[in-house]
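> Below you'll find the structure I mean.
The values are calculated or read from the model by the stated rules, or taken from the named source; none is laboratory data. As the structure is a computational prediction, the values presented were derived from the model and not from experiment. Backbone-built Cβ (ideal geometry, glycine too); neighbour counts: all protein chains shown.
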Amino acid sequence: MLEELTVTAWQYFGHDRLYVNLPDGTPIGWADRRTGGITVVHARYRDDVTDVLARRAPELLTAAPPEIRVHPGTPLAAPAAEPRLTAEPAPVASPVPPTPPTWPARLPELTPETDLASRRPGATLRATAPVAGTRDSGLLERLSSKVQRRQPMDPVRRKELLGERRTGAELARLTRHGWRVLHSIPLPDGGDIDHLLIGPGGVFTIRTEYHPQQSVRAADDTVTVDDGASCPYITECRTEATLVRQTLERHADFPVLVQPVLVCVDAASLDVAPTLTDVRVYGERQLSALAPLSGELTAHQADRLYDIARRQGVWGDV
């Protein structure tokens with residue numbers, strides 16, 4: 001087994017770790033280079049993890065005894081003698097069985113039916129669109145609906161669908177730079193995540209709002225269109241990013257930073273308050289600014305997060 005294990009270096013938000021992985025990429029332990037702590041998933045991997053780390057970073061085992069940690073990072077008392085490695089917590093005498101340590105949840109099965117990679121922009125809008133009269137629909141929409149034997153969309157939904165498709169087309173341009181994109185991720189409440197972008201520059205939730213030839217002003221918490229009523233787009237973007245982060249971290253073995261993006265499609269003007277720093281607000285063509293971003297995720301981490309996010313079952317209990 002030792003010859004089949006791989007070691008991956010990982011640096012993120014002040015962390016500096018070496019992950020020991022099974023041949024399929026599943027982590028079975030890691031060493032924290034900054035603190036000297038070593039963590040293993042299960043006692044059966046103890047010797048394998050230490051042997052591999054001894055080859056890759058012998059200083060970890062020859063330096064002062066490391067701080068002992070139990071995943072996901074609760075420090076215990078330091079050992080008095082030689083270094084010990086964390087495995088499962090010791091059983092506690094109690095009529096209730098002890099809770100096992102937190103670890104990435106088992107991924108749902110990936111099938112052609114549950115693979116979100118095949119979903120097109122606006123798929124949820126199309127699936128949940130209310131029935132509209134034929135007079136409300138454009139000629140192309142009516143012809144398409146007739147050919148495909150489906151009801152035409154109402155005008156509002158049709159415009160929203162156009163906005164998501166235009167954003168999707170811009171995001172497709174980023175794939176040549178190593179990015180992966182998912183569209184219309186369905187949520188249990190009937191809503192969806194319009195777009196999810198994963199790549200070397202990190203993870204981005206992208207919300208699309210269609211405001212053709214309108215003036216859009218984004219403040220710290222709200223968006224105003226043509227000096228009308230305020231829209232809670234900014235708050236909703238932050239909520240979506242938090243939901244995605246929690247979902248991905250439930251199945252990943254590393255912290256995930258998710259950055260929200262609001263795209264205002266076809267806006268005549270776009271004014272963003274300088275104090276709004278945690279949510280990016282773009283016109284659809286400005287999405288190209290994400291293309292050169294890098295250094296947030298390794299190729300292995302980006303692949304892992306995409307593999308998690310594309311499984312529809314992952315989003316079933318958010």
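> Which count do you get for residues in segment 166-203 that are hydroxyl-bearing (S, T, Y) and within 16 Å of the chain's Cα centre (by Cα)?
Residues flagged as hydroxyl-bearing (S, T, Y) and within 16 Å of the chain's Cα centre (by Cα) within segment 166-203 amount to 1.
> May I ask you to list the residues in segment 238-265 that are surrounded by 22 or more Cβ atoms within 10 Å (Cβ to Cβ) and out of contact with any helix residue (DSSP H, G or I) (no Cβ under 9 Å at 6 or more places or on another chain)?
E240, A241
> Can you say whether R207 is out of contact with any helix residue (DSSP H, G or I) (no Cβ under 9 Å at 6 or more places or on another chain), basic (K, R) and within 22 Å of D192 (Cα to Cα), as far as the supplied structure shows?
no
> May I pose another question? Looking only at segment 162-208, which residues are outside any helix (DSSP H, G or I), within 19 Å of R280 (Cα to Cα) and of a type in the set (V, I, T)?
V181, I193, I198, V203, T205, I206, T208
> Please specify each residue of segment 269-305 satisfying the condition of being under 16 Å from the mean Cα position of the chain (by Cα) and surrounded by 19 or more Cβ atoms within 10 Å (Cβ to Cβ).
Answer for segment 269-305, where residues must be under 16 Å from the mean Cα position of the chain (by Cα) and surrounded by 19 or more Cβ atoms within 10 Å (Cβ to Cβ): V279, L290, L297, Q301, A302, R304, L305.
> Within segment 274-287, restricting attention to residues that are modelled with pLDDT of 95 or more and of a type outside the set (D, E, K, R), which residue is nearest to D221 (Cα to Cα)?
Here the answer is V279.
> Across segment 12-51, which residue is nearest to the chain's Cα centre (by Cα) among those that are of a type in the set (G, A, S) and modelled with pLDDT under 80?
So, considering only residues that are of a type in the set (G, A, S) and modelled with pLDDT under 80, the one nearest to the chain's Cα centre (by Cα) is G25.
> Looking at the structure I just gave you, is P212 closer than 17 Å to T124 by Cβ and in the same structural domain as R311 (by TED's automatic domain parsing)?
No, not satisfied.
> Return the residues of segment 275-318 that are touching a residue at least 12 places away in the same chain (Cβ under 8 Å), among the hydroxyl-bearing types (S, T, Y) and part of a loop (DSSP other than H, G, I, E, B); say none if nothing qualifies.
T275, S294, T298
> Still on this structure, please answer the following. Please name all residue pairs, on different chains or six or more residues apart, with Cβ atoms under 9 Å, provided the first residue is in segment 28-46 and is surrounded by fewer than 18 Cβ atoms within 10 Å (Cβ to Cβ) and of a type outside the set (S, T, Y) and the second residue is part of a loop (DSSP other than H, G, I, E, B) and at pLDDT 75 or above.
Taking only residues 6 or more apart or on different chains, the pairs are R33/A57.
> For segment 211-272, please list each of the strands (runs of 3 or more DSSP E) lying entirely inside it that holds at least 2 residues being of a type in the set (G, A, S).
Correct list: 215-218.
> Given (1) hydrophobic (A, V, I, L, M, F, W, C); (2) modelled with pLDDT of 50 or more; (3) surrounded by 14 or more Cβ atoms within 10 Å (Cβ to Cβ), identify the lone condition not met by L85.
Here L85 clears every test but (2).
> Further, regarding this structure: Looking at this structure, is A9 modelled with pLDDT under 75 and either touching a Leu at 6+ places or on another chain (Cβ under 8 Å) or more than 24 Å from I308 (Cβ to Cβ) (or both)?
So A9 does not fit the description; no.
> Let me ask another. With among the hydrophobic types (A, V, I, L, M, F, W, C), modelled with pLDDT of 95 or more and at negative phi as the only criterion, which of A252, A229, A218 stands out?
Selected residue: A218, the only one of A252, A229, A218 that is among the hydrophobic types (A, V, I, L, M, F, W, C), modelled with pLDDT of 95 or more and at negative phi.
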